[in-house]
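Visitor: Next up is a structure, given as structure tokens.
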Amino acid sequence: MTKTDKNLQEAFAGESQANRRYLAFAQAADKEGLPQVARLFRAAAEAETVHAHNHLRAMGGIGKTADNLQAAIAGETYEFESMYPGFITQAEKDSNGRAGMSFKYANAVEKLHAALYKTAAEAVAKGADLPAKPIFVCPICGNTVEGEPPASCPICGAAKDRFKKVD
């Protein structure tokens with residue numbers, strides 16, 4: 001791997017994190033009644049997404065959908081099988097309940113994501129798309145469901161009306 005390859009990976013990670021951070025900052029600004037500051041954060045977040053996508057393309061990180069699904073399955077599986085279990089254990093050792101809960105929510109949802117991606121990969125392998133269904137995400141834990149959300153989230157207990165529909 002060349003130094004430029006490493007730089008692209010670092011830049012992609014940094015731009016991706018900036019996007020998420022700025023969107024969180026925008027939510028905070030909205031809650032504080034600062035809509036124009038929130039708009040600025042959202043605009044910068046969108047620009048960071050442009051940068052991240054450019055870097056990912058330069059890395060050759062976007063392939064055909066079938067390949068992208070396999071990459072997604074591998075990533076999600078790594079997270080729930082290897083990464084998050086260690087993070088959960090460490091958070092417990094450090095008595096950091098907030099981090100532990102965050103890691104536990106993510107770990108549970110990554111398993112679901114891997115399963116959803118496997119189903120999508122099977123459809124794509126047959127030359128088909130997934131059946132059209134609404135998809136909802138729990139704003140507390142990230143639980144992702146096709147069709148109608150449950151009465152309460154099985155991961156965090158959030159009420160059905162808290163789920164956000166994804167377009």
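Visitor: Could you give every pair whose Cβ atoms fall below 7 Å, whose first residue belongs to the range 142-167 and is within 15 Å of Leu116 (Cα to Cα), and whose second residue is at pLDDT 95 or above and among the hydroxyl-bearing types (Ser, Thr, Tyr), counting only separations of at least 6 or pairs across chains?
Guide: That search, which allows pairs on different chains as well, returns Gly142/Tyr105.
Visitor: If you check Gly100 against the conditions, is it at pLDDT 95 or above, over 15 Å from the mean Cα position of the chain (by Cα) and not in a helix (DSSP H, G or I)?
Guide: On the way: at pLDDT 95 or above: yes; over 15 Å from the mean Cα position of the chain (by Cα): yes; not in a helix (DSSP H, G or I): no.
In short, no.
Visitor: Tell me which of these Val37 doesn't satisfy, since it passes every other one: (1) assigned to a helix (DSSP H, G or I); (2) in contact (Cβ under 8 Å) with a residue 24 or more places away in the chain.
Guide: (2)
Visitor: For the range 1-27, enumerate the residues that are over 19 Å from Met59 (Cβ atoms) and among the hydroxyl-bearing types (Ser, Thr, Tyr).
Guide: Passing the criteria: only Tyr22.
Visitor: Could you check the range 17-64 and list, in sequence order, the residues that are polar (S, T, N, Q) and either within 17 Å of the chain's Cα centre (by Cα) or loosely packed, with under 14 Cβ neighbours inside 10 Å (or both)?
Guide: Of all residues in the range 17-64, those polar (S, T, N, Q) come to 17, 19, 27, 36, 49, 54.
Selection gives Gln17, Asn19, Gln27, Gln36, Thr49.
Visitor: Among the residues of the range 84-96, is any under 25 Å from Phe136 (Cβ atoms) and among the acidic types (Asp, Glu)? Before you say what the answer is, go through the steps one by one.
Guide: Keep residues of the range 84-96 that are under 25 Å from Phe136 (Cβ atoms), which gives 84.
Subset that is among the acidic types (Asp, Glu): none.
No, every residue in the range 84-96 fails to be under 25 Å from Phe136 (Cβ atoms) and among the acidic types (Asp, Glu).
Visitor: On to the next question. Can you list residue pairs whose Cβ atoms sit under 7 Å apart, with the first residue in the range 60-79 being over 16 Å from Glu122 (Cβ atoms) and the second being part of a helix (DSSP H, G or I) and modelled with pLDDT of 95 or more? Count only pairs 6 or more apart in sequence or on different chains.
Guide: Ile62/Leu56; Ile62/Asn68; Glu79/Glu110
The values are calculated or read from the model by the stated rules, or taken from the named source; none is laboratory data. Just so we're clear, the structure is a prediction, and the values are computed from it rather than from any experiment. Note: ideal-geometry Cβ built from the backbone for every residue, glycine included; neighbour counts use all protein chains shown.
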